[in-house]
Amino acid sequence: MATSEHDPLGEGIEAGASAPSELRRSLSARHLTMIAVGGSIGTGLFVASGATIAQAGPGGALLGYVLIGLMVYFLMTSLGELAAAMPVSGSFSTYGARYVDEGFGFALGWNYWYNWAVTVAVDLVAAQLVMAYWFPHVPGVYWSALFLAITFGLNALSARGFGEAEFWFALIKVVAVLAFVAMGLMMLLGIIRGGETGGVANWTVGDAPFAGGFAALIGVAMVVGFSFQGTELIGIAAGESKDPARNLPRAVRQVFWRILLFYVAAILVIGLLIPYTDPHLLRNDVTDISVSPFALIFERAGLLGAASVMNAVVLTSVLSAGNSGMYAATRMLYSLARDGKAPRVFGGVSRNGVPMCALLATAAVAALCFFTFVFSPNAVYIWLLNTSGMTGFIAWLGIAISHYRFRRGYVKQGHDLANLPYVSPFFPFGPIFAFVLCLIITLGQNYQAFLQNRIDWGGVVATYIGIPLFLLIWAGYRLVRGSHFVRYRDMHFPTTQASRHTDARVGSETSNALR
């Protein structure tokens with residue numbers, strides 16, 4: 001018999017079993033796959049990718065995306081091992097409490113809830129900026145109100161309602177990227193002519209292929225890291241997925257190829273077709289879709305109205321991120337309440353299996369977007385982005401730490417790895433590499449502030465405030481509840497037996513994918 005799905009210190013969880021929770025396992029394999037795909041395709045690729053090439057050159061940008069893509073892949077294999085064995089909606093909080101320290105899990109859960117609740121507000125403000133391209137005279141708060149209502153409605157229907165919406169949002173983004181890569185290849189091969197000749201010559205312009213040196217590469221790594229945030233959503237969705245022991249490993253195995261195709265191929269095409277010195281690339285931000293490198297290349301290929309098309313795609317990305325953020329934050333708050341780490345009212349669900357009180361609380365935080373009624377949308381966008389920027393990286397660090405300690409404890413207690421539904425083939429290198437690189441990116445997010453004659457303390461506080469807040473919440477929990485690091489011999493592990501005919505091959509197949 002399975003223990004409570006949300007008991008971080010319980011005796012075990014049977015993968016795919018119905019735990020005594022009212023959440024419903026209604027997300028299918030195709031939902032999980034597209035949630036994983038859509039999680040890492042957003043404005044970071046469609047808009048900000050041009051700025052990364054301008055800063056670090058085509059080679060530096062490509063190296064940055066490959067390096068961070070590899071880190072994210074390692075993180076996903078770590079998360080896949082944990083989530084397939086313990087498919088719970090409060091995954092990061094539960095794993096942190098169970099295998100690191102109960103206070104660590106508490107802080108990680110609240111950090112992740114805040115991260116996505118505020119990110120929904122960021123996306124709603126971004127929607128205002130995007131819609132201003134078509135309707136410059138319509139007050140932006142109207143658009144935020146409309147999209148907040150849509151996002152709330154999709155999440156209020158059911159987990160399947162969220163999954164279906166995310167499936168179609170992600171599909172639009174995938175089609176846009178594939179069309180872009182195909183168009184770029186045809187231009188490089190001379191099948192379609194337009195604009196500059198491009199090609200390898202663009203890698204010899206100025207200081208290319210690596211411009212700006214190591215400092216530029218670190219700066220690009222930060223931007224790329226933000227772009228990839230959201231990939232870990234499959235861990236949250238695990239608690240409501242059908243047959244997680246089978247479907248989660250499938251989604252994880254696709255992460256590497258998704259990153260390779262959607263990011264690396266797109267960056268390579270942009271770098272070959274547009275010189276990194278092109279002034280258009282320097283102006284990339286969410287407020288100016290017309291200079292997206294995607295729009296520039298479509299226009300040079302003779303596709304009229306490319307800016308409008310890309311504007312629609314970026315709007316889809318923004319709504320997709322808001323939809324995912326609402327879902328993730330709601331499930332994390334629900335899980336915290338079920339574990340006794342948040343007010344009990346947030347642990348209730350509606351008849352269709354939706355944590356309505358947790359959803360309402362998340363929507364209330366997302367309403368921060370209405371500050372644009374008083375302040376400039378651009379100012380509110382930057383302010384909200386800065387307040388949530390660090391929290392996503394903290395969640396990634398938590399995944400790496402939790403997986404490392406989970407595997408060490410599992411082996412020390414004499415358990416057989418063959419009993420796990422999915423085994424990450426890169427342990428211990430994978431979580432260690434991900435932890436170190438993620439820590440470097442986290443601490444170096446605003447290193448420029450310390451290199452000036454006068455330190456920009458305002459910028460430093462805005463960037464790094466998430467770290468001391470996380471540590472204070474963790475320390476406060478330990479002080480009040482008396483929690484401590486969980487010893488390996490005291491850890492409790494799931495009782496799940498692997499489905500050998502499908503999942504025993506996952507580790508070797510994943511390893512082969514990298515060869």
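Of the peptides 91-99, 54-62, 182-190, the order by per-residue mean of other Cβ atoms within 10 Å, starting with the highest, comes out as 91-99, 54-62, 182-190.
Dipole orientation for the chain: of the candidates Phe493, Gln128, Leu319, Phe493 has the Cα lying most toward the positive pole (charges on Cβ; Lys, Arg +1; Asp, Glu -1).
Indicate the helices, whole DSSP H runs only, in the chain that combine a mean Kyte-Doolittle hydropathy of -0.5 or more with a Cα extent along their long axis of 20 angstrom or more. Walk me through the numbers before you get to the answer.
Details: long enough: 49-85 (43 Å, 1.25); 102-131 (44 Å, 0.81); 140-157 (26 Å, 1.49); 159-188 (43 Å, 1.56); 213-228 (23 Å, 2.16); 244-258 (21 Å, -0.70); 306-338 (48 Å, 0.77); 377-412 (53 Å, 0.31); 429-443 (21 Å, 2.61); 466-481 (22 Å, 1.21).
Membrane-span-like by this rule: 49-85, 102-131, 140-157, 159-188, 213-228, 306-338, 377-412, 429-443, 466-481.
Charging the Cβ of each Asp and Glu at -1 and of each Lys and Arg at +1, and nothing else, the dipole of the chain about its Cα centre rounds to 820 debye. Distant-in-sequence amide contacts of Leu27, defined by a placed amide H-H separation under 5 Å and a gap of 5 or more residues or a different chain, comprise Ser241, Lys242. Farthest toward the positive end of the dipole of the chain, out of Tyr114, Leu268, Asn419, is the Cα of Asn419, where the dipole comes from beta carbon charges about the Cα centre. Packing here is the average count of other Cβ atoms within 10 Å per residue, and on that basis the peptides 224-237, 205-218, 244-257, highest first, run 224-237, 244-257, 205-218. When both the range 82-142 and the range 409-470 are represented by their alpha-carbon centers, they are found 18 Å apart.
Computed from label points 7 Å out along Cα-Cβ, the spacing between Leu261 and Leu451 is 3.8 nm. Normalised by the number of residues in the range 119-174, the average gap of Cα pairs under 8 Å and 6 or more apart makes the relative contact order 24 percent.
Can you tell me the order of 405-411, 479-485 when each peptide is scored by its average per-residue count of other Cβ atoms within 10 angstrom, highest first? Don't skip to the end; give the middle numbers.
Values: 405-411: 19.6, 479-485: 11.9.
Those peptides, ordered most packed to least, come out 405-411, 479-485.
With a Förster radius of 41 Å applied to the C-beta separation of Val175 and Tyr488, the computed FRET efficiency comes to 0.30. By definition, a body whose alpha carbon gyration tensor gives a ≥ b ≥ c is oblate when a/c is 1.5 or more and a/b is not larger than b/c, and the range 350-438 fits this oblate description.
All of the numbers you see were taken from the coordinates with simple rules; none came from a lab. Only a predicted model underlies this, so the values are computations on that prediction, with no experimental measurement involved. Neighbour counts are summed over all protein chains in view; Cβ atoms, including those assigned to glycine, are modelled from backbone coordinates with ideal geometry.
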